[in-house]
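Notes follow the structure.
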Amino acid sequence: MIIKMKKKGKDRMDFVLEGVSIPFANALRRVMVSEIPVLAVEWVDINDNTSPIFDEIIAHRLGLLPLVFDPAKFKFQEDCSCKEKGCPSCQVTFVLEKKGPCMVTSGDLKSSNKDVKPTDKGFIIAELLQNQFISLEATAKLGTGKDHAKFQAANTSYQNQPEMKGGEVNTKPESFLFHVETISGLTPQYIAEKAGEILAEKAAAFKKEAAKL
Ligand SMILES: [Zn+2]
């Protein structure tokens with residue numbers, strides 16, 4: 001197996017993967033899209049909302065905010081020693097209190113963890129007119145794209161590499177151009193590496209079970 005980097009940026013990465021089958025390339029793509037743990041807002045307690053925007057819409061917008069976080073520092077709530085009560089190792093809370101007239105943006109969220117924040121301060125949550133206000137507390141936890149699209153780490157696609165043979169363009173077997181674009185607070189490189197780790201864990205688990213047959 002050979003990997004050749006084609007383009008590497010902050011949000012996007014293109015690489016050629018050679019020496020693998022179509023099912024393997026597809027398994028890798030699926031893991032990158034739906035199995036990488038991502039932190040996103042899951043619960044919102046609205047104390048007050050006198051804006052014209054429904055509570056549900058505000059909660060939905062908060063859920064879709066991509067968050068910067070260190071994946072090594074968070075556990076899935078079901079795997080955490082707090083037994084799903086919620087603690088700093090498995091969740092982060094954000095407090096939002098704003099009074100109009102103003103625009104409420106992602107930059108107004110006050111995080112309980114200084115290392116966790118939205119990827120950008122400028123995502124608009126609501127616009128408040130004179131005397132309107134919002135007061136809420138949002139809680140983020142880890143999830144995967146399988147649970148909900150808000151936990152999706154990346155958009156990933158791949159295509160067969162073209163090859164010139166005898167004046168004809170054919171597709172080169174076992175050679176795929178991958179395109180990984182992050183839509184979370186994780187880097188494309190981390191997403192690709194983590195996908196490899198998840199596939200290796202699955203193979204190891206299978207090996208262990210197969211040994212018992
Ligand atoms: Zn916990």
Cα centroid separation - segment 158-213 against segment 1-70, whole Å: 17
Highest-first arrangement of 131-138, 182-189, where packing means the average Cβ count within 10 Å: 182-189, 131-138
Helical mean residue ellipticity (222 nm; -39500 (n - 2.57) per DSSP H run of 4+; nearest 500) of the chain: -7000 deg cm²/dmol
FRET efficiency, 1/(1 + (r/R0)^6) with R0 45 Å, evaluated for K75 and M5 via beta carbons: 0.90
Radius of gyration and maximum dimension Dmax of segment 71-213, Cα, Å: 22.0, 74
Counted charge near K10, where neighbours are those whose Cβ lies closer than 14 Å (Asp, Glu -1; Lys, Arg +1): -1
³J(HN,Hα), Karplus 6.51/-1.76/1.60, whole Hz, each residue of segment 133-145, x for Gly, Pro: 8, 10, 9, 8, 10, 10, 10, 9, 9, 7, x, 10, x
19 Å reach of a label modelled at H60, 7 Å along Cα-to-Cβ, counting backbone N of segment 137-152: 138-139, 147-152
Stretchable slack from A200 to C82, in nm (0.36 nm times residue separation minus alpha-carbon distance): 39.7 nm
Under-5 Å amide H pairs with E127, H placed in peptide plane, nonlocal only: V104
Per the chain, cysteines lacking a partner by the 4.7 Å Cβ criterion: C102
Over segment 39-144, relative contact order from alpha-carbon pairs under 8 Å, at least 6 apart, %: 43
Mean separation of Cα contacts under 8 Å, 6 or more apart, over the residue count of segment 72-213: relative contact order %: 17
Cα gyration tensor, segment 39-144 - rounded (a/c under 1.5), prolate or oblate: prolate
Peptide ranges 65-77, 48-60 listed from the most packed, as the mean C-beta count within 10 angstrom indicates: 65-77, 48-60
Greater than 18 Å apart at Cα, pairs in K73/K117; K73/K141; K85/K141: none
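A short reminder: the numbers here are calculations on the coordinates, not readings from a lab. Note that the structure is a prediction, hence the values are computed from the model and not measured. Ideal geometry is used to build each Cβ from the backbone, glycine not excepted, and the neighbour counts take in all protein chains shown.
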